[in-house]
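Worksheet: the structure to be examined is printed underneath.
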Amino acid sequence: MSNTALFQDKVVGDRMNRVDGRLKVTGAAQYSAEYQLPGLVHGALVGSTIAKGRITGIDTKAAERAPGVLAVITHLNSPKVPGFAAKSNPDEPPAIGQPLRVFYDERIYFNDQPIALVVADTLERARYAARLVKATYAPEEHRTNFEANKERGVLPTQAKRNPKSPQNDKDRGQKDGYQTAPVKLEAEYRHPSEMHNPMELQSIIAHWEAPDRLTVYDKVQAVKGTQRAFAKDWNLPEDNVKVVATFVGGAFGNGLHNWPHETAAIIGAKVTGKPVKLVLTREQMFTMVGYRPYTWQRIGIGATRDGKLVGITHESVGQTSSYEEFTESTLQQTRMMYACPNVSTRYRILGLDISTPIWMRGPGEATGAFALESALDELAHLLNMDPIELRLRNYADTDPDNGKPWSTKYLKELYQMGAERIGWSRRQLKPGSLREGDWLIGYGMGVGTFGANRGAAKVRAVLRQDGTVLLQSATTDIGPGTGTAMVQIAADALDMPTDQIRFELGNSTFPNAPSQGGSATVNTVGSAVLAACIDLKKKLQQLGGASFANVQPEQLTLTNGQLGLKANGGPRTAFADLCKANNGQDIEVTTEAKPGNERQQYSMYSFSIHFAEVRVHALTGEVRVTRLVSGADAGTIVNLKTAGSQMIGGAIGGIGMALHEGAVMDDRFGRYVTKDLADYHVPVHADAPPVEVFFVGKPDTIVDPLGTKGIGEIAIIGVAPAITNAIFNATGKRIRELPVTPDKVL
Ligand code: MOS
């Protein structure tokens, strides 16, 4: 594991411990629900018990009389959120693309939709009183079964409106050209809904500091995005809304959207005039925040007998709610991964009477890769060819989707490095060939890719009179260790020890940065840290006067409390003197960094490879993943330790996708039966084998000046098919419906 050239002898590339690790393991880190505000009260949500229809009556009297209750809020008495679009027709669902309007009217769009908020002086009293709220309904027939309604899938509105939308049907070469191939197969793949279950429950404290000033401590991935959303909802200037998310206890996409409970808490705070804390229960995590949507896919794939792809057709229908169109890039990997003359992709969504899905790690791509990478494996088997060999014969040297050169692509290196590490040579072409006692042993692999995205971000850099540097940006850290990476980047840029640098995030009062999503934070905010540090050095240079006038910022060092030249023996000026020259003030710059037009010239992606070794019990169908090897071509790796952990987390998420996770709906009631971690299985320690992680470590300075490409998503994309392909190799049984439970294996 190493980074080449660019960052030799630098802090970037180190296995530095997390700057906030001690705070986290000692409990000193404050999460959204942990702020102690004077007068804080507690909210509990009541959910609907039907999936579709109207509330005909809601009896709140008993709840209102219960001890400690301050308010019971329903659509009958809730202040209306000014930003909720008025409806022209009372029967119309909310406008497409608009989150559920909380306590807006009597309409029910999904089971467990929030219909009332009870606010009380303690959590226990709020939850007790919530159970006393009784609603009556006029139910309507609901549709929650995906398979029964699959044919109703439609082109998303955004695609209908915009011919250039990536969600439109797309053909490269001949439509459905795979059909002409001498060797071909068609198969359907199914992916269940997977529910977001990070350790930290979704939680918010909403506090109206004045009638027109709102502060929320909120578990989100976007503090600025949330600020904008609530400012719009409440018709306030953006600066009147403050969003704090200093620590986030895991979020894999569910914090990229604002959910009904957040608005409910804000309404509760408005009604009671007190700060309201609202923490979802684990059960509510299955209905009140998003999830990876149930997706049906069909692939037709064909090749010549020597393994040259002739065509791939990939169709997908993904589930969404009846009131909001959620879409994702399920077909993107099929469009760009393999050199193939004829590629057809068709994406549809299916609105059901359920809550709106949301991105979950490797959104779309991870689901799509399950189908695509399974189909490649199936084709390799038909051709009696090694699956890596099949991929190498169809290696795309330029992006076949748009003809552009890759900024960088080291996928061949990944194949080779991964194959060596897993011991691919042990794999037998003929399935079911390796056996130890009752255990069948198999090997499989899968590839992943995700756009190396970069946006604009601002960073404030301050040299303070105490000799430390403070950096601030309104990004968040949902777990990967953003602050640590930013300190490392700044340490190199400033030539300053890491313990003299602090990076603050998760606050909407900091300079603008995008959400932490789409694997883009280091590319985006890291580049802004670099730019701000260079600007800070330039400012120090000016304040330092003649002795620093004619040097490049790179030649300057900020060590031992002094500005100096890296070359020995040069002039040095104490930080205190620089501050004196700055009217006795801290020395501050705010710098924005953003991408140029490189995206017009290059196609930019991170790539990953995953190899699995599985053991399948011949009698019980139990599958054990005994080894996983995951590698990434993700450019410069800023921190080999945290990046390695991120890859391990993604790989284990992939085990969940392959073997464990899947929401089960009781369609009679339109209600999930898997509503806790006893029924909804995620991999536990005993399910997680040692994961061996490796990186190519070659910088991509087209994506950004640091050379990073992003690893958050590719860590999971391609893992599930690696495991299911290994199960096929072990048993000869092809399972195209996740999760692979023992009943499907036998
Ligand atoms: Mo990620 S699904 O962009 O949090």
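Less than 12 Å Cβ to Cβ from ALA651, Lys/Arg counted +1 and Asp/Glu -1: what total charge do the surrounding residues give?
Its environment carries a net charge of 0.
For LEU236, LEU619, what ranking results if the residue with the fewest other Cβ atoms within 10 Å of its Cβ goes first?
Result, fewest neighbours first: LEU619, LEU236.
Amide H neighbours of THR708 under 5 Å, counting only residues 5+ apart in sequence or on other chains, H built in-plane at 1.01 Å?
For THR708, the qualifying residues are THR636, ASP700.
Give me the net charge of ALA663's neighbourhood, meaning all other residues with Cβ under 10 Å from the Cβ of ALA663; Lys, Arg count +1, Asp, Glu -1.
Within the 10 Å Cβ shell, the charges total -1.
Set Lys and Arg Cβ to +1 and Asp and Glu Cβ to -1, take the dipole of the chain about its Cα centre, and tell me which of ALA546, VAL81, ALA493 lies farthest positive.
ALA546
Using a 10 Å cut-off around each Cβ, can you sort THR144, THR304, THR724 from fewest to most neighbouring Cβ atoms?
By the 10 Å Cβ count, ascending: THR304, THR144, THR724.
Roughly how many Å is it from the Cα centre of the range 288-306 to that of the range 163-188, as a whole number?
That distance is 13 Å.
Short version: ³J(HN,Hα) in whole Hz for each residue of the range 227-233, in order, from phi by Karplus 6.51 cos²θ - 1.76 cosθ + 1.60 (θ = phi - 60°), x for Gly and Pro, what are they?
In residue order, the calculated couplings are 4, 5, 5, 6, 4, 5, 3 Hz.
Per DSSP H run of n ≥ 4, the term is -39500 (n - 2.57); total these for the chain, divide by its residue number, and report the mean residue ellipticity at 222 nm rounded to 500 deg cm²/dmol.
Helices in the chain give a 222 nm mean residue ellipticity of -6500 deg cm²/dmol.
Loop only by DSSP, 10 or fewer other Cβ within 10 Å of the Cβ. Give me the trypsin sites (Lys or Arg not before Pro) in the range 119-169 that pass, ordered by residue number.
Sparse-neighbourhood loop trypsin sites (Lys or Arg not before Pro): LYS164.
Between GLU209 and residues 5 or more places away or on another chain, which pairs have amide H atoms under 5 Å apart, with H built 1.01 Å from N, and which residues are they?
When sequence neighbours closer than 5 places are left aside, the close amide H contacts are LEU214, THR215.
Mind giving me the FRET efficiency for GLN465 and GLU124? R0 is 56 Å, r the Cβ-Cβ distance, nearest 0.05 is fine.
0.70
Order of ILE714, ILE441, ILE312 from fewest to most other C-beta atoms within 10 Å?
In increasing order of surrounding Cβ atoms, one gets ILE441, ILE312, ILE714.
If I histogram all Cα-Cα distances within the range 455-594 using bins 10 Å wide from 0, what percent of pairs lands in each bin?
13, 45, 30, 11, 1
Which one of GLY418, GLY649, GLN179 is farthest out on the positive end of the charge dipole of the chain, using unit charges on Cβ (Lys, Arg +1; Asp, Glu -1) and the Cα centre as origin?
Farthest along the dipole direction, towards plus: GLN179.
Calculate the length of the line joining the C-alpha centroid of the range 638-693 to that of the range 19-83, in whole Å.
Between the Cα centre of the range 638-693 and that of the range 19-83, the gap is 28 Å.
Using the Cα centre of the chain as the reference point, and only Cβ charges (+1 on K/R, -1 on D/E), how large is the resulting charge dipole? Debye, rounded to the nearest 20.
Using Cβ point charges on Lys, Arg, Asp and Glu, the chain gives about 400 debye.
Ordered by residue, what ³J(HN,Hα) values in Hz, to whole numbers, does the range 158-165 give under the Karplus form 6.51 cos²θ - 1.76 cosθ + 1.60, where θ = phi - 60° and Gly and Pro are x?
4, 6, 5, 6, 10, x, 8, 4
What size of dipole, in debye to the nearest 20, comes out for the range 455-594 about its Cα centre when the only charges are +1 on Lys and Arg C-beta atoms and -1 on Asp and Glu C-beta atoms?
For the range 455-594, the charge dipole is close to 240 debye.
When DSSP assigns beta bridges and you keep just the ones with both residues in the chain, what percent turn out antiparallel, to the nearest 5?
80 percent
What is the sum of charges around ILE587, taking Lys and Arg as +1, Asp and Glu as -1, for the other residues whose C-beta is under 12 Å from the C-beta of ILE587?
Local net charge: +2.
³J(HN,Hα) across the range 730-746 via Karplus (A = 6.51, B = -1.76, C = 1.60, θ = phi - 60°), whole Hz, x for Gly/Pro?
Each residue of the range 730-746 in turn: 6, 10, x, 9, 9, 10, 10, 10, 8, x, 7, 8, x, 4, 7, 6, 6 Hz.
In the range 455-594, what % of DSSP beta bridges are antiparallel (nearest 5)?
80 percent
With unit charges on the beta carbons (Lys and Arg positive, Asp and Glu negative) and the dipole taken about the Cα centre of the range 390-442, which residue among GLN428, LEU390, THR408 sits farthest to the positive side?
Final value for the positive-end residue is GLN428.
If packing is taken as the average count of other Cβ atoms within 10 Å, what order do 579-587, 551-559 fall into, highest mean first?
Highest-to-lowest ranking by the protection proxy: 551-559, 579-587.
So what is the relative contact order of the chain, in percent, for Cα pairs below 8 Å that sit 6 or more residues apart?
After rounding, I find 17 percent.
Between the range 447-497 and the range 531-569, what is the separation of their alpha carbon centroids in Å?
The two parts, judged by their Cα centres, are 20 Å apart.
Where a number appears in this text, it was derived from the coordinates with a stated rule and is not lab data. A quick note: this is a predicted structure, and the numbers were derived from the prediction, not measured. For neighbour counting, all protein chains shown are included, and Cβ atoms are generated from backbone atoms with ideal geometry for every residue, glycine included.
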